[in-house]
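Participant: Quick one: the structure is below, questions incoming.
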Amino acid sequence: MGLKHVAKRFFEKNQRIYRSKAIYKLQRLRQKGNIEPDYDNCNYKDILREIDLNGCTIIENFIPPDIINKILVEVEAPYLEMQAGKKNDDFWHSEGGNGRIGNIDKYSPLAKEYLFDSQMISNLAKSYVSKSAVGFRKEADFKYSPGESYQADIVHIDDWRHRFKAFVLLHDLERVNAPLVYYKGSHKSAHWRQDLEYSYHKDGQSGRFGHLFPQEMRKIQSEHHYESVHFEGKAGSLFLGDFRGLHSGSILVEGKRVMLNYTWGLV
């Protein structure tokens, strides 16, 4: 049994120690704060530079339309089965018509081939985060219920740790289809991050979990003027981002929204 596994088991049983400020500081040292991107070993320097500057970028036509249509059929099948009552151990989140299935690569060989095994995504993630970064969440996100709001629709950060995420649209997305919203530049160091990031570690899901109250977001915007970017576009479009940056979902007005979600980081 490796040292890392032993430490993980210990902290799982001793959450009070794990949530302490000392452990938080040790973890921050391991993450190395705002890591400088590795341009020397990146094959996509222009893309990496835009993510470093703005926190995100959108690339159209990442996956061809004919392949996207097949992926959509593959990833919707387990979701529709779950809605019909079939048990699915990989379905780990449900809020009304909003859901997420993990390990989606085992249901969609094409998603595995075109996104989760992508050498481009791997190279960018390792260049942006660390050569030791790994892809550890392979998911499909679903919104099917117009008019409903969810926790993820509140502006938040995903983590204080260095994270790289890739999303792929599985159908055409406009403003009415609940696009993801990202605030450019908000991934950089700023005073407002300090308490929010520590509370994320200390309180976990029982606390704010990285979310901002509306008045807090108004104050931050009045000071920093972050430009919002909506992830809209044709099926097959790719969104790459640093999700320490502020972002949110949005309310589905009509239709549906289905997309792939891939997370990289140090684990």
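Coordinate-derived values only; no laboratory data. Model, not experiment: these values are computed from the prediction. Every residue, glycine among them, receives a Cβ derived from its backbone with ideal geometry; neighbour counts consider all protein chains shown.
Participant: Here's a check for you: in the stretch 23-52, which residue that is among the charged types (D, E, K, R) and in contact (Cβ under 8 Å) with a residue 40 or more places away in the chain is surrounded by the fewest Cβ atoms within 10 Å (Cβ to Cβ)?
Facilitator: Residues of the stretch 23-52 among the charged types (D, E, K, R): 25, 28, 30, 32, 36, 38, 40, 45-46, 49-50, 52.
Next, from what is left, pick out any that are in contact (Cβ under 8 Å) with a residue 40 or more places away in the chain: 28, 30, 32, 38, 52.
Numbers: Arg28: 15, Arg30: 10, Lys32: 12, Asp38: 15, Asp52: 18.
Here the answer is Arg30.
Participant: Then there is this: With surrounded by fewer than 21 Cβ atoms within 10 Å (Cβ to Cβ), touching a residue at least 60 places away in the same chain (Cβ under 8 Å) and within 23 Å of Met259 (Cα to Cα) as the only criterion, which of Lys202, Lys143, Lys234 stands out?
Facilitator: Details: Lys202 fails: within 23 Å of Met259 (Cα to Cα); Lys143 fails: surrounded by fewer than 21 Cβ atoms within 10 Å (Cβ to Cβ).
Going through Lys202, Lys143, Lys234 in turn, just one is surrounded by fewer than 21 Cβ atoms within 10 Å (Cβ to Cβ), touching a residue at least 60 places away in the same chain (Cβ under 8 Å) and within 23 Å of Met259 (Cα to Cα): Lys234.
Participant: Right, something else. Spot the failing condition for Leu196; the list is (1) out of contact with any strand residue (DSSP E or B) (no Cβ under 8 Å at 6 or more places or on another chain); (2) assigned to a strand (DSSP E or B), and only one is missed.
Facilitator: Of the numbered conditions (1) out of contact with any strand residue (DSSP E or B) (no Cβ under 8 Å at 6 or more places or on another chain); (2) assigned to a strand (DSSP E or B), the odd one out for Leu196 is (2).
Participant: Can you confirm whether Asp172 is more than 18 Å from the chain's Cα centre (by Cα), within 23 Å of Asp66 (Cα to Cα) and not β-branched (Val, Ile, Thr)?
Facilitator: On the way: more than 18 Å from the chain's Cα centre (by Cα): yes; within 23 Å of Asp66 (Cα to Cα): yes; not β-branched (Val, Ile, Thr): yes.
Considered against the rule, which asks whether it is more than 18 Å from the chain's Cα centre (by Cα), within 23 Å of Asp66 (Cα to Cα) and not β-branched (Val, Ile, Thr), Asp172 comes out as yes.
Participant: Within the stretch 53-60, is there a residue that is loosely packed, with under 13 Cβ neighbours inside 10 Å, touching a strand residue (DSSP E or B) at 6+ places or on another chain (Cβ under 7 Å) and either over 18 Å from Ala133 (Cβ atoms) or β-branched (Val, Ile, Thr) (or both)? Walk me through it before giving the result.
Facilitator: Just the residues of the stretch 53-60 that are loosely packed, with under 13 Cβ neighbours inside 10 Å, to begin with: 60.
Restricting the remaining residues to those that are touching a strand residue (DSSP E or B) at 6+ places or on another chain (Cβ under 7 Å) gives 60.
Of the ones still in play, those that are also either over 18 Å from Ala133 (Cβ atoms) or β-branched (Val, Ile, Thr) (or both) are 60.
So far as the stretch 53-60 goes, yes, one or more of its residues are loosely packed, with under 13 Cβ neighbours inside 10 Å, touching a strand residue (DSSP E or B) at 6+ places or on another chain (Cβ under 7 Å) and either over 18 Å from Ala133 (Cβ atoms) or β-branched (Val, Ile, Thr) (or both).
Participant: Looking only at the stretch 156-183, how many residues end up being in a loop (DSSP other than H, G, I, E, B), of a type outside the set (A, V, I, L, M, F, W, C) and more than 26 Å from Gln27 (Cα to Cα)?
Facilitator: Looking only at the stretch 156-183, we keep the residues that are in a loop (DSSP other than H, G, I, E, B), and these are 157-162, 170-172, 174-176, 178-180.
Keeping just the survivors that are of a type outside the set (A, V, I, L, M, F, W, C) gives 158-159, 161-162, 171-172, 174-175, 179.
Adding the requirement that they be more than 26 Å from Gln27 (Cα to Cα) leaves 171-172, 174-175, 179.
Matching residues across the stretch 156-183 total 5.
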